[in-house]
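Each remark here refers to the structure printed beneath this line.
The values are calculated or read from the model by the stated rules, or taken from the named source; none is laboratory data. Computed from a predicted model, the values in this text were never measured in an experiment. When we count neighbours, we look across all protein chains shown, and the Cβ atoms used for this are built from the backbone with ideal geometry, even at glycine. What goes into the accessible areas is simple: the full protein's heavy atoms, side chains included, and nothing from ligands, DNA or RNA. Shrake-Rupley method; radii C 1.70, N 1.55, O 1.52, S 1.80 Å.
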Amino acid sequence: MSDPAPDTKDVAQPVAFISHHSSQEQTARHLKTILERNGITGWMAPDDIEPGTIFDKAIVDQVRRCDMIVLLFCARSDQSEHVRRELTLAVDNKKLIYPIRLEDIDAEGLAYWLSGYQWIDWIDRRDDTINRLVETIKLSASEGSAAVAASSGTVRSHNHPISRKRTLWIGGAALAAIAAAGIGWFIMSAESEPEFTLLPGSWARQLIAHESIATGETETAETLFSSLNLESATGCIGAAEADLPGVSFFDLDGQQNCSMESLSATEDSKMRAEFVCRPASLDGGSVTFALDIAPQRSTKISANGTVTIRDRQDRQSLYEVEFNYFYSGKNC
């Protein structure tokens with residue numbers, strides 16, 4: 001007589017956050033299918049973000065809730081500010097990180113975050129390659145370990161969380177002192193590259209100016225621009241979002257349905273934000289923002305650049321825009 005099967009009804013499935021560049025969405029969906037077929041819950045953006053949820057907040061919340069991060073590594077993710085922020089959140093929350101190489105390249109932009117890990121090469125995209133990862137995840141989850149188990153020799157553990165010495169983060173009284181000096185939204189790294197950070201609390205956005213620089217039919221283009229309702233917006237930036245700002249700051253009221261493409265330093269020590277929005281008013285169209293960010297003081301930030309509107313027929317209109325962001329207090 002065979003032994004009865006173990007009772008697993010009260011055993012929660014491990015949850016894997018799949019970090020990926022948008023160019024690898026199909027690969028991420030395929031990986032999610034493999035994981036879930038093997039009793040591991042996969043979570044990925046944008047598929048698992050509920051309609052109406054602020055994109056960046058959903059990312060922050062899910063990184064905190066998940067058991068591990070599975071990174072799909074390629075040339076574009078290596079340079080992605082969005083992916084870098086997810087890994088930073090993972091390290092801050094002491095999450096396991098499993099890097100999967102999709103292309104035969106070495107990490108450069110993400111080298112600091114990934115130097116303590118060995119990789120799984122999934123260049124061939126064969127499911128049996130990922131099965132070795134599945135067994136490693138299951139073993140790690142069953143042990144409740146804070147280190148990655150080396151079940152196959154393909155993935156090995158690291159002895160301590162990845163250090164963040166490379167970036168000199170400033171907190172508490174030091175941040176307050178910097179804010180009082182009017183420069184509190186930049187934190188400098190060891191390489192003197194600016195890091196974008198904010199005062200937590202209530203922020204408001206105002207459209208200062210916009211000008212058409214390349215459109216099709218002028219009247220139609222202006223109607224499209226007006227339909228975006230960019231004149232003003234308000235929103236609350238929590239502590240986590242303030243430390244790692246993203247699209248929730250640029251889309252304060254969450255009405256534009258945006259996703260961050262990149263946030264990086266420019267040669268003149270400013271920051272450049274690029275994000276894509278798909279507001280309901282465009283009925284299948286999209287809006288691409290490319291904004292240069294500059295502080296006026298700790299409670300005011302200016303942003304100017306271009307807005308490219310594409311309607312559902314792929315007709316394009318281009319505008320120069322200028323926004324101001326104002327801090328209006330801690331309570332929100």
Whenever you get a sec, compute what percent of the accessible area on the stretch 274-327 sits on carbon and sulfur atoms (1.4 Å probe).
37 percent
Over the stretch 47-130, with neighbouring protein chains present, the accessible area per residue in Å² at probe 1.4 Å is 43 Å²
Could you state how much accessible area Phe250 has, in square angstrom rounded to the nearest 10, with a 1.4 Å probe and all protein chains kept in place?
10 Å²
Using protein chains only and a probe of 1.4 angstrom, how many square angstrom of Lys57 are accessible, to the nearest 10?
90 Å²
Estimated inter-spin distance, Gln118 and Asp106, nm [label 7 Å along Cα→Cβ]
1.9 nm
If you roll a 1.4 Å probe over the stretch 1-136 with all protein chains in place, what percent of the accessible area is carbon or sulfur?
46 percent
Which entries in the list Lys57/Lys270; Lys95/Lys138; Lys57/Lys138 go over 18 Å, if you measure between the two C-alpha atoms of each?
Lys57/Lys270; Lys57/Lys138
Here the gain from full extension of Arg312 to Ser226, 0.36 nm per residue of separation minus their alpha-carbon distance, amounts to 29.3 nm
Does the stretch 43-130 classify as rounded, prolate or oblate by the C-alpha gyration tensor (a ≥ b ≥ c root eigenvalues; a/c under 1.5 gives rounded; else a/b over b/c gives prolate, otherwise oblate)?
prolate
For Met44, the accessible surface traced by a 1.4 Å probe with all protein chains present amounts, in square angstrom to the nearest 10, to 0 Å²
